[in-house]
Structure formats: structure tokens, C-alpha cells
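Before anything else, here's the structure in question.
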Amino acid sequence: QVHLVESGGGLVQPGGSLRLSCAASGSFFSIYGMGWYRQAPGKQRELVATITRGGDTNYADSVKGRFTISRDNAQNTVYVQMNSLKPEDTAVYYCNIDLQLYGTGGRRNYWGQGTQVIVSS
């Protein structure tokens, strides 16, 4: 019964900025890594950025220097600040969270519902 809720997508002009949020709720013991992925129509889903529980980050070359991933462990939330947006950033953005369930539930990952980002003039 873990759910991820995304927000912050929308339409923005080239060069503009957006901030996406993803909050986890439900029954789980702890969260490990968090990440953002995106998928454009007719294309494969690709990694955008990841962040560990301790704050170590990793970015795709295409967004490095423009996007910043962060997390608030107390709120079980991951963010991505997207600056200097380009038309090629247009995609549905999905968050993913790797977590530990209670008892013998084990370690699992969950996906958000996706939020649309359109960069166009």
C-alpha cells in the first residue's frame, strides 16, 4: 500500500524552469534511493537523476548542469529543480523510490503516476 504522488509538471517556454515533487506515503520501514526518469512519446524511458539516502547524486549527461535533484528524508519526498529547459526535455517524468517494507516484505521499488512537462514557445 505504498503510493507515490507527483506534482509540479506543466507547460513552460524554452529557458524556463519547473520544480517537480514526489512524496511517498503508506506502510514502509525506510527509504533507500530515489530517482527521476522520463519518457517521450515513442521513446524508451531514460534515467534523469538519482540520489542516495546520504545525498550522493548522479545525472544523465543531457541534464547535467541544468537539473538538481534533492530529497527531504523527514517528508519522504524527492524533488528535481529543472532550469534552462529545452524542447528536448519534453516528456512524462516519473519518480521511483526504492524502499524497505516491514517484516519479511523485503526491498521493493515503486513508481509515481507521471507528470507531463512540455517545453515549447
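The values are calculated or read from the model by the stated rules, or taken from the named source; none is laboratory data. Here the structure is a predicted model, which is why all the values come from computation and not from measurement. So basically every Cβ, Gly included, is an ideal-geometry build from the backbone, and we count neighbours across all protein chains shown. Side chains are part of the model used for accessible areas, which takes the heavy atoms of the whole protein and leaves out ligands, DNA and RNA. Shrake-Rupley method; radii C 1.70, N 1.55, O 1.52, S 1.80 Å.
In the set Gly42, Gly8, Gly35, Gly16, which member is at pLDDT below 95 and either closer than 18 Å to Val117 by Cβ or touching a Gly at 6+ places or on another chain (Cβ under 7 Å) (or both)?
Residue meeting the stated conditions: Gly42.
Right, another one. Val63: surrounded by 14 or more Cβ atoms within 10 Å (Cβ to Cβ), at pLDDT 95 or above and part of a loop (DSSP other than H, G, I, E, B), yes or no?
Judged against the criteria, Val63 is a match.
While we're on this one: Need pairs with beta-carbon distance below 8 Å; first residue of a type in the set (A, V, I, L, M) and within the range 46-67, second surrounded by 13 or more Cβ atoms within 10 Å (Cβ to Cβ) and outside any strand (DSSP E or B); sequence gap 6+ or separate chains.
These pairs meet every condition: Leu47/Ala60; Val48/Ala60; Val48/Val63; Ala49/Ala60; Ala49/Val63; Val63/Asp89.
Same structure, new question: For the range 36-52, indicate whether the set of residues that are open to solvent by 70 Å² or more (accessible area, probe 1.4 Å), within 17 Å of Leu20 (Cβ to Cβ) and among the β-branched types (Val, Ile, Thr) is non-empty.
Among the residues of the range 36-52, not one is open to solvent by 70 Å² or more (accessible area, probe 1.4 Å), within 17 Å of Leu20 (Cβ to Cβ) and among the β-branched types (Val, Ile, Thr), which makes the answer no.
Looking at (1) under 22 Å from Pro87 (Cβ atoms); (2) without any contact (Cβ under 8 Å) to a residue 40 or more places away in the chain, find the lone condition where Gly26 falls short.
Only one criterion is unmet by Gly26, namely (1).
Look at Tyr102 and say whether it is of a type in the set (Ser, Thr, Tyr) and surrounded by 15 or more Cβ atoms within 10 Å (Cβ to Cβ).
Spelling it out, it is not the case that Tyr102 is of a type in the set (Ser, Thr, Tyr) and surrounded by 15 or more Cβ atoms within 10 Å (Cβ to Cβ).
Could you please tell me which pairs satisfy a Cβ distance under 9 Å, a separation of 6+ or placement on different chains, a first residue in the range 100-121 that is touching a residue at least 40 places away in the same chain (Cβ under 8 Å), and a second residue that is charged (D, E, K, R) and open to solvent by 100 Å² or more (accessible area, probe 1.4 Å)?
Gln100/Arg107; Gln100/Arg108; Leu101/Arg107; Leu101/Arg108; Val119/Glu88
Within the range 109-121, take every residue that is at pLDDT 95 or above and open to solvent by 90 Å² or more (accessible area, probe 1.4 Å) and give me the one that is nearest to Met34 (Cα to Cα).
Ranking the candidates gives Trp111 first.
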